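No lab work stands behind these numbers, since they all come straight from the coordinates. Please read these numbers as outputs of a predicted model, since none were measured by experiment. Don't worry about glycine lacking a Cβ; one is built from the backbone with ideal geometry, like all the others, and counts go over all protein chains shown.
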Amino acid sequence: MSEVIRILNDLDQIRTALTRSRGFEEPELSPQARAGVRRVFGEDLTAGAVVDRILERVRTEGDAGVAALTVAIDGQAPDRVEVPRTEWHAAFERIDSSLQDAMHVAAAQIEAFHRHQVRTSWFETTSEGILGQLVRPIERVGIYAPGGTAVYPSSLLMTAVPARVAGVEEVIVCSPPHQGAVSDLILAAAHVADVDRVFQIGGAQAIAAMAYGTETVPHVDKIYGPGNIFVVLAKQKLYGVAAIDALPGPTETLLVADETADPTLAAADLLAQAEHDPMASAILLTDSANLAERVADELGRQLAELERATIAGQSLKDNGLIGVVPDIVTAVELANAYAPEHLCLLTHSPWDLVPYVKHAGGLFIGEDSPEALGDYPTGPSHVMPTGGSARFFSPVHVNDFVKVINVAAANRAALKRLGPATVALARAEGLTAHARAIERRLD
């Protein structure tokens, strides 16, 4: 029995372990978070109640509300809310040259991949007129980039670059200052992605500022980006004031592997996911009991070498799983039911399994295509659906940044052919004025 990760051999137990509830549920706050809430608000509040107060204050007080909340939560507010573009360039120059090159490589790959997704307006002319669609980019989008204990410049690139490809007119970024300034990594990524403006605001107040707009921060039409529970709840509550990309949860990966898989690589891939967060999920489904034991042993050896061993170890203990199943097709069926953010196929003939895949945020085929590679320079956005929402959501893509306007230009022939059906349906629904609008034309 592995002490690092659960190993299950019973198929019903595996199904039960992979079953999760539908929808986003507000979690209980940790003792540390509850203490922070009491310090800032003077009473015990749920995460949802905290967010309600933050949103209302930003909505009614604008910049002053943002500043007051930042002081209360972080202890101080920056002298300037907006970070000048010159500081982005300076931050880019401060980072290592190899990292500069890596950001440019990733940005170029992301742009090239997403250019294949660009949609254009279309029109069809017939004897009855013209039908079509106008495809228009969203005018202004906002991206939240965490900047405290978690700093992900790659996520900024994975969102801002597709927005630019889609033709978005203005891209703004909000990121919390850490030790008095926005992370150089975030500013460097903003420089490479050529966003328009960057603001030193974090937490739910940043989401509120982008949704409502303040004297300094312009209101946006859609908000993207991960964050803590307060950020996620703010996005949920502000849906309708602005559109949102999704409600991101803890990251997850599911490996399907057979006896030909390298246990060293399989363990490395699981740990690459587990090191993100104690709540991350790293799962292996295999038809080989021997591989399961070897991967579990390898996890123990590799875990000791990691800088984030405590985080990864907690993730594997609480949320990790190795399931031994009767065959590989069953493994893929279980993966479809789980609908993972990342699905990795480490089998002798991985392409043979692709037709069976129904639900996943991203599919990584073969041992030379690990999810870690996809997190950075491959090209597809790594901003993917979590929590089983891959059953109905897609990764961030160009179409997330555009909207469609339907166009109809019917002529007299269309009116004569389609008018009677319109009248019949309108009268059936009790909408007499609709029917008369057509009848007057037909008369």
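To make sure I understand, if each residue's beta carbon is the centre and we count other beta carbons within 10 Å, what order do E82, E275 fall in, fewest to most? Numbers along the way, then the final one.
Working: E82 15, E275 21.
Lowest count first: E82, E275.
Sorted by packing (mean other beta-carbon atoms within 10 Å per residue), highest first, where do 68-76, 200-208 land?
Values: 68-76: 16.0, 200-208: 28.1.
Top to bottom by mean Cβ count within 10 Å: 200-208, 68-76.
So how much slack lies between R22 and T126, counting 0.36 nm per residue of separation and subtracting their Cα-Cα distance, in nm?
Working: separation 104, 0.36 × 104 = 37.44 nm, distance 4.54 nm.
Net length gain for the segment: 32.9 nm.
For labels at A33 and F392 in the simple 7 Å Cα→Cβ model, what's the distance in nm?
2.4 nm
Using a Förster distance of 45 angstrom, determine the FRET efficiency expected from the C-beta separation of A181 and I365, and round it to 0.05.
On the way: r = 41 Å, r/R0 = 0.91.
Calculated value: 0.65.
How much length would be gained if the chain were fully extended between A150 and H89, taking 0.36 nm per residue of separation minus their Cα-Cα distance, in nm to one decimal?
Details: separation 61, 0.36 × 61 = 21.96 nm, distance 2.18 nm.
Extra length available between A150 and H89 comes to 19.8 nm.
For the stretch 10-54, taking Cα atoms only, what is the radius of gyration to one decimal and the Dmax to the nearest whole Å?
16.5, 49
At 0.36 nm per residue, minus the direct Cα-Cα distance, what do D63 and Q13 gain on full extension? Give it in nm, one decimal, please. Before the final figure, lay out each step's value.
On the way: separation 50, 0.36 × 50 = 18.00 nm, distance 5.24 nm.
Extra length available between D63 and Q13 comes to 12.8 nm.
Using the Cα centre of the stretch 82-244 as the reference point, and only Cβ charges (+1 on K/R, -1 on D/E), how large is the resulting charge dipole? Debye, rounded to the nearest 20. Could the numbers behind the result be given before it?
Values: 11 positive and 16 negative charges, 82 e Å.
In debye, rounded to 20, the stretch 82-244 gives about 400.
Taking only pairs that are 8 or more places apart or on different chains, how many Lys pairs in the chain have Cα atoms under 25 angstrom apart? Before the final figure, lay out each step's value.
Working: K222/K235; K222/K237; K222/K403; K235/K403; K237/K403.
Going through the chain pair by pair, I get 5.
Using the beta-carbon distance between E3 and T264 and R0 = 22 Å, what value does 1/(1 + (r/R0)^6) give for FRET efficiency, to the nearest 0.05? Working shown, then result.
Details: r = 19 Å, r/R0 = 0.86.
Result of the calculation: an efficiency of 0.70.
Compute the orientation-averaged projected area for the chain from the convex hull of its Cα atoms and round it to one decimal in nm².
Details: hull surface 107.8 nm².
So the mean shadow area of the Cα hull is 26.9 nm².
Give me the percent of DSSP beta bridges within the stretch 131-223 that run antiparallel, rounded to the nearest 5.
Working: 2 of 12 bridges.
Taking every DSSP beta bridge with both residues in the stretch 131-223, the antiparallel ones total about 15 percent.
Of all DSSP beta bridges located in the stretch 82-244, what percent are antiparallel, nearest 5?
Details: 9 of 23 bridges.
Counting only bridges with both partners in the stretch 82-244, antiparallel ones make up about 40 percent.
Return the whole-Å distance between the Cα centroid of the stretch 378-436 and the Cα centroid of the stretch 317-342.
That distance is 36 Å.
Using Cα pairs closer than 8 Å and at least 6 residues apart in sequence, work out the relative contact order for the chain, in percent. It would help to have the intermediate numbers written out before the result.
Numbers: 850 pairs, mean separation 87.1, N = 443.
Contact order relative to length: 20 percent.
Pairs of Cα atoms under 8 Å, at least six residues apart: use those to get the relative contact order of the stretch 148-190, whole percent.
Numbers: 25 pairs, mean separation 26.2, N = 43.
Relative CO of the stretch 148-190 lands at 61 percent.
Could you grab the relative contact order for the stretch 82-244? Cα pairs under 8 Å, six or more apart, rounded to a whole percent.
Details: 285 pairs, mean separation 43.0, N = 163.
Normalised by residue count, the contact order of the stretch 82-244 is 26 percent.
Just rank D327, D79, fewest to most, by other beta-carbon atoms within 10 angstrom.
The most exposed by this proxy come first: D79, D327.
Residue by residue, what Karplus-based ³J(HN,Hα) values in Hz, rounded to whole numbers, does the stretch 299-311 have, using 6.51, -1.76 and 1.60 with θ = phi - 60° and x for Gly and Pro?
Rounded to whole hertz, the list is 4, x, 5, 6, 4, 5, 8, 8, 5, 9, 4, 5, 5.
Considering only the chain, what is the antiparallel percent among its DSSP beta bridges, to the nearest 5?
On the way: 18 of 53 bridges.
Bridges in the chain are about 35 percent antiparallel.
Mind putting together the pair-distance distribution for the stretch 31-74? All Cα pairs, 5 Å bins, whole percent per bin, short to long.
Result, from short to long distances: 5, 23, 31, 25, 12, 3, 0 percent.
Rounded to the nearest 0.05, what FRET efficiency do Q133 and D352 have when you use their Cβ-Cβ distance and R0 = 35 Å? Provide the component values of the computation, followed by the final result.
Values: r = 38 Å, r/R0 = 1.08.
About 0.40, to the nearest 0.05.
Once you order the gyration tensor axes a ≥ b ≥ c over the Cα atoms, which shape class does the stretch 170-269 get: rounded for a/c under 1.5, otherwise prolate or oblate by comparing a/b with b/c? All intermediate terms of the calculation are to be shown ahead of the outcome.
Working: a/c = 2.69, a/b = 1.84, b/c = 1.46.
Prolate, because a/c is 1.5 or more and a/b exceeds b/c.
Show that you can apply the helix-only estimate: for the chain, add -39,500 (n - 2.57) for every DSSP H stretch of four or more residues, divide by all residues, and state [θ] at 222 nm to the nearest 500. Mind dumping the intermediate values first?
Working: 17 runs with 200 residues, N = 443.
The per-residue figure over the chain is -14000 deg cm²/dmol.
Of M103, M279, how do they rank once you tally other Cβ atoms within 10 Å and put the fewest first?
Placing the least packed residue first, the sequence is M279, M103.
If the only charges are +1 at each Lys and Arg Cβ and -1 at each Asp and Glu Cβ, what is the size of the charge dipole of the stretch 48-172 around the Cα centre, to the nearest 20 debye? Let's see the in-between values first.
Details: 11 positive and 17 negative charges, 33 e Å.
So the magnitude is around 160 debye.
Determine the equivalent ellipsoid of the stretch 12-97 by diagonalising the alpha-carbon gyration tensor, then write out the semi-axes as square roots of 5 times the eigenvalues, largest first, rounded to whole Å. Can you show the working numbers first?
On the way: eigenvalues 232, 125, 36 Å².
Those come to 34, 25, 13 Å.
Roughly how many whole Å is it from the C-alpha centroid of the stretch 192-221 to that of the stretch 275-298?
40 Å
From a point 7 Å beyond the Cα of R301 in the direction of its Cβ, which residues of the stretch 253-289 have a backbone N at a distance under 20 Å?
257-275, 284, 288-289
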